[in-house]
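Worksheet: the structure to be examined is printed underneath.
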Amino acid sequence: MKILKTLAGAVAMAGLMAGSAVAADMTVGFSQIGSESGWRAAETTLTREQAEKRGIDLKFADAQQKQENQIKAIRSFIAQGVDAILLAPVVATGWDQVLEEAKDAEIPVVLLDRQVDSSDDLYLTAVGSDLEHEGEVAGQWLVDNVGDKDCNVVELQGTTGSSPAIKRKAGFEKAIAGHDNIEIVRSQTGDFTRTKGKEVMESFLKAENGGKDICALYAHNDDMAVGAIQAIKEAGLKPGSDILVVSIDAVPDIFLAMAAGEANATVELTPNMAGPAFDALEAYKKDGTMPPKFIQTESKLFTQSDDPKAVYEEKKNQGY
Ligand code: AHR
């Protein structure tokens with residue numbers, strides 16, 4: 001391993017001296033969570049595109065939602081002597097040991113979109129949004145739109161133990177705190193998938209007087225919201241008016257729902273996490289430039305007044 005690293009270092013140095021691009025010499029392992037949502041599919045597509053554009057050899061491993069598969073993939077990347085590892089961690093805990101192993105092998109790890117509980121000296125940088133802020137923006141939208149009216153909210157949480165599920169919940173609760181007319185009456189995981197979002201929403205509707213006692217749905221991602229919208233329609237209610245729908249991601253399908261008046265607001269999460277991640281890695285490999293520990297991407301609120309049909313047209317071919 002040490003020999004491999006020394007060789008790789010020498011090759012990189014030779015490339016530098018010859019003035020060639022560092023990226024062309026880079027092999028990067030990418031441990032992706034899976035394909036639970038449209039947003040995740042777009043992140044995978046854009047990561048492949050960014051790698052190709054920069055001449056990076058990308059080794060892709062789909063973990064199918066399992067942390068153990070991600071740990072195996074990281075160990076395999078280390079054994080292959082890759083130059084860097086991208087990790088989108090399915091849950092927040094349980095990474096210390098494998099991150100230590102990557103550090104011992106002198107392989108920088110960049111976290112994508114989700115965060116870990118480990119010490120930040122175990123990875124080079126993390127690219128992602130302010131997940132709590134996203135939840136807060138969603139909650140504030142609801143506060144601003146229900147006024148003084150009593151509003152029972154049902155919440156579809158993301159994957160249990162994942163940083164977006166934990167933080168988007170906390171952010172939303174922060175926004176509605178002090179607004180006693182707004183209350184989360186049911187909250188359950190829908191695992192960030194359409195199927196589960198629909199299934200759990202059906203159970204919420206049954207438990208809440210066929211949905212008549214629900215004023216709003218807050219979903220931690222758009223895919224669960226899209227599944228839930230279907231369930232609301234099948235229960236004979238109008239999503240977007242009988243039950244307000246606010247969610248996160250800004251995938252094309254939520255803009256179709258917004259254009260039809262069936263969803264109300266979404267907070268955009270850019271799927272291009274790889275661009276900033278590769279920029280940071282290239283600079284680090286070139287001359288040791290240390291990136292900040294957190295590279296924050298933008299979060300933007302979209303509502304029905306933002307021409308959802310046009311946004312759909314713009315986004316529909318972007319890899320979602
Ligand atoms: O980690 C980001 C979240 O994971 C996205 O909001 C969700 O759609 C995805 O599956």
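The values are calculated or read from the model by the stated rules, or taken from the named source; none is laboratory data. None of the values given here were measured: they were computed from a predicted structure. Cβ coordinates were reconstructed from backbone atoms using ideal geometry, including for glycine residues, and neighbour counts include every protein chain displayed.
Worth pointing out:
- Residue within the stretch 68-77 that is among the basic types (Lys, Arg), surrounded by fewer than 20 Cβ atoms within 10 Å (Cβ to Cβ), in the same structural domain as VAL28 (by TED's automatic domain parsing) and at negative phi present: yes
- If you check ALA257, ALA235, ALA219 for being touching a residue at least 12 places away in the same chain (Cβ under 8 Å), touching a Gly at 6+ places or on another chain (Cβ under 9 Å), under 23 Å from TYR320 (Cα atoms) and more than 14 Å from the ligand (Cβ to nearest atom), only one passes: ALA257.
Yes/no per residue for (1) modelled with pLDDT of 95 or more; (2) among the hydrophobic types (A, V, I, L, M, F, W, C); (3) touching a helix residue (DSSP H, G or I) at 6+ places or on another chain (Cβ under 9 Å):
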| site | (1), (2), (3) |
| --- | --- |
| GLN67 | yes, no, no |
| ALA79 | yes, yes, no |
| ALA84 | yes, yes, yes |
| SER119 | yes, no, yes |
| LEU124 | yes, yes, yes |
| GLN140 | yes, no, yes |
| VAL143 | yes, yes, yes |
| ASP148 | yes, no, no |
| VAL153 | yes, yes, yes |
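- Qualifying residue in the stretch 264-285 (condition: away from the ligand (no atom under 16 Å from the Cβ) and exposed (fewer than 14 other Cβ atoms within 10 Å of the Cβ)): no
- Scan of the stretch 291-305 for residues that are part of a loop (DSSP other than H, G, I, E, B), more than 18 Å from ARG40 (Cα to Cα) and in contact (Cβ under 8 Å) with a residue 24 or more places away in the chain, ordered by number: PRO291, PRO292, LYS293, GLN304
Quick grid of which residues meet (1) farther than 27 Å from LEU86 by Cα; (2) within 21 Å of the chain's Cα centre (by Cα); (3) of a type outside the set (Lys, Arg):
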residue: ALA259; (1), (2), (3): yes, no, yes
residue: ALA263; (1), (2), (3): yes, yes, yes
residue: LEU269; (1), (2), (3): no, yes, yes
residue: GLY275; (1), (2), (3): no, yes, yes
residue: MET290; (1), (2), (3): no, no, yes
residue: PHE302; (1), (2), (3): yes, yes, yes
residue: PRO308; (1), (2), (3): yes, no, yes
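- Boolean, GLY147 is on the phi > 0 side of the Ramachandran plot and not polar (S, T, N, Q): yes
- SER118 passes every criterion in (1) within 13 Å of the ligand (Cβ to nearest atom); (2) assigned by TED's automatic domain parsing to the domain that holds PHE278 apart from (1).
- Residues satisfying the stated conditions in the stretch 101-135, i.e. within 24 Å of PHE302 (Cα to Cα) and among the aliphatic types (A, V, I, L, M): LEU112, VAL127, LEU131
- Residues of the stretch 84-98 satisfying the condition of being surrounded by 22 or more Cβ atoms within 10 Å (Cβ to Cβ) and away from the ligand (no atom under 16 Å from the Cβ): ALA84, ILE85, VAL98
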